[in-house]
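Visitor: I am attaching a structure below and will ask some questions about it afterwards.
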Amino acid sequence: MSKVAKLSIVALFLALALPAFAQVGGIAGTATNKQGKPIAGATVVFTRQDISGTYKVKTNKDGHYGHYGLPLGEYNVALYSKAGKRLYMWHGVHNAPGSVTKVNFNLKQLLSKANLLKQMTPQQRAAMKKAQEAQAKANKQVGTINSLITQNAQLSAAGQWAQAISTMQQAQKLGVGLKLTPKSQAVITANLANDYNGAKQYPQAIATYKQALALYSTDPTFKANILTNMGAALVATGNTTEAVQDFNQAAQLDPAGASHAYYNEGAILYNSGKMDAAAAAFQKALTADPKMAEAWYEKGMALVGKGKVNPKTGATTYPAGTAQAFRMYLKLEPNGPNAASAKALLQGITGKINTSYSHK
């Protein structure tokens, strides 16, 4: 049986410039009064300074508050009492990608600072001003990093890989010396790896994905996304063995994305001519998601690749499940991109075809 067309790897970019990782960040903390007790039911207002935007949350009975989906930017964060009186405001707070910035309202400590300032010597005030300027500079750098990440998402979506790579290289450079969380550093590094991948600079992409994993790998979903994308880069370099290992590990780490990981594994094995293993991988994808129509089609194609021709009669026999795979595809995608091919193959296998498939 001659080998059929090469399969493509799906979900090359599971977008590590994801909203959950790179485009938003949290701000959270606690609010306590002058006596050190939690302030419940207060309102915390986040007012964005770089562009227009206001967000509000309430403190709970323990005085805790948190907003974990704030767009990246610079915020003034203010605490208001139930009566609407502003109790304190933090200025120039930057949320970091994929992490939570802690901003506490310890009024006993914060309000005592005003009295403390009056007692400071000129030298002490100068030292404090220097520290504040250093913090302001760091905040500005974080803001620039956030802006570069936003630009990167736009450039990568447009396929402008050289420019996208440049933005993440700048972000990496700015991040040196800043106390970014390991996850934030890994997000920047993984985005850069994605850009190398898009630019078909595969060896550089693989090396950079490994750097991202070295920085942060405790979040299973995050690690699975990196492994899936790195697996695609490994395929491009011909390293199918390691790619299959990465896809398998990604599927185990992130069951929600297992169908795509196993599909990619099946595509690699199929393209390598390993039809038994390819069919098994597509079946794993279908076990994870029985409604993945393309996996049914590709499973059928892998089984077709195992067809045997009787030298005496010229008839071809196919493994059990071949016809069922194409029937399932047609049931799920009666008008899908491979519908015509599936019908023709099914007719060739069985000698008949049902033309009334519909999705139920």
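Derivation of every value follows stated rules applied to the coordinates shown; laboratory data play no part. Remember, it's a predicted structure, so these values are computed and weren't measured experimentally. So basically every Cβ, Gly included, is an ideal-geometry build from the backbone, and we count neighbours across all protein chains shown.
Visitor: For Asn76 paired with Thr241, estimate the spin-label separation in nm (one decimal), with each label point 7 Å from Cα along the Cα-to-Cβ line.
Guide: The answer from the label model is 6.2 nm.
Visitor: Could I ask something else about it? With a point put 7 Å past each Cα toward its Cβ, work out how far Thr144 is from Lys37 in nm, to one decimal.
Guide: Taking the simple label geometry, Thr144 and Lys37 are separated by 4.7 nm.
Visitor: Ok, one more. Separation between the Val309 and Gln169 pseudo-spin-labels, each 7 Å from Cα along Cα→Cβ, expressed in nm?
Guide: Taking the simple label geometry, Val309 and Gln169 are separated by 5.3 nm.
Visitor: How much net charge surrounds Thr150 when only the other residues with a Cβ under 14 Å from the Cβ of Thr150 are counted, with Lys and Arg +1 and Asp and Glu -1? Spell out each step's value before the answer.
Guide: Working: positive: Arg48; negative: Asp50, Glu74.
So the environment of Thr150 carries a net charge of -1.
Visitor: For segment 88-169, what is the Kirkwood hydrodynamic radius in Å, using each pair of distinct C-alpha atoms? Display every interim value, and only then the final one.
Guide: Working: mean 1/r = 0.0633 Å⁻¹.
For segment 88-169, the Kirkwood estimate is 15.8 Å.
Visitor: Next question, about the same structure. Please order Met292, Met301 by the number of other Cβ within 10 Å, starting at the fewest. All intermediate terms of the calculation are to be shown ahead of the outcome.
Guide: On the way: Met292 23, Met301 26.
Ascending Cβ contact count within 10 Å gives the list Met292, Met301.
Visitor: Please order Thr43, Thr350 by the number of other Cβ within 10 Å, starting at the fewest.
Guide: Details: Thr43 17, Thr350 14.
By the 10 Å Cβ count, ascending, the order reads Thr350, Thr43.
Visitor: Before rounding to the nearest 500, sum -39500 (n - 2.57) across all DSSP H runs of length at least 4 in the chain and divide by the residue total; then give [θ] at 222 nm in deg cm²/dmol. Working shown, then result.
Guide: Values: 12 runs with 189 residues, N = 360.
After summing the helix terms and dividing by the residues of the chain, the value is -17500 deg cm²/dmol.
Visitor: Of Trp90, Ala153, Tyr262, which is farthest towards the positive pole of the chain's charge dipole, taken about the Cα centre with +1 and -1 on the beta-carbons of Lys, Arg and Asp, Glu respectively?
Guide: Of the listed residues, the answer is Trp90.
Visitor: Based only on other Cβ atoms within 10 Å, what is the fewest-to-most ordering of Thr208, Thr30? List each step's numbers first, then the result.
Guide: On the way: Thr208 25, Thr30 18.
Arranged by neighbour count, lowest to highest, Thr208, Thr30 become Thr30, Thr208.
Visitor: Express the relative contact order of segment 58-153 as a whole percentage, based on alpha carbon pairs under 8 Å and six or more residues apart in sequence.
Guide: Details: 62 pairs, mean separation 26.0, N = 96.
Reported as a whole number, the value is 27 percent.
Visitor: When the dipole is taken about the Cα centre of the chain, and only Lys, Arg (+1) and Asp, Glu (-1) are charged at their Cβ, what size is it in debye, to the nearest 20? Write down the numbers at each step before the final one.
Guide: Numbers: 38 positive and 15 negative charges, 258 e Å.
Around 1240 debye, computed over the chain.
Visitor: Ranked highest first by the average count of other Cβ atoms within 10 Å around their residues, in what order do 141-147, 323-329, 126-132 fall?
Guide: Working: 141-147: 20.4, 323-329: 22.1, 126-132: 11.0.
Averaged packing, sorted descending, gives the order 323-329, 141-147, 126-132.
Visitor: Okay, moving on. In a Debye calculation with equal point scatterers on the alpha-carbon sites of the chain and no solvent, what is log10 I(q)/I(0) at q = 0.07, 0.08, 0.13 Å⁻¹?
Guide: -0.46, -0.57, -1.02
Visitor: If you don't mind, another one. Can you tell me the dipole magnitude for segment 161-350 around its Cα centre, using point charges on the Cβ only (Lys, Arg +1; Asp, Glu -1), in Debye to the nearest 20?
Guide: On the way: 16 positive and 11 negative charges, 56 e Å.
Roughly 280 debye for segment 161-350.
Visitor: A further question on this structure: When the C-alpha atoms of segment 19-119 are aligned to their principal axes, what extent does each axis show, in angstrom, from largest down?
Guide: 42, 32, 22
Visitor: Work out the charge dipole of the chain with +1 on the Cβ of Lys and Arg and -1 on the Cβ of Asp and Glu about the Cα centre, then indicate which of Ala325, Gly314, Thr208 is farthest towards its positive end.
Guide: Among Ala325, Gly314, Thr208, the one farthest towards the positive end of the dipole of the chain is Thr208.
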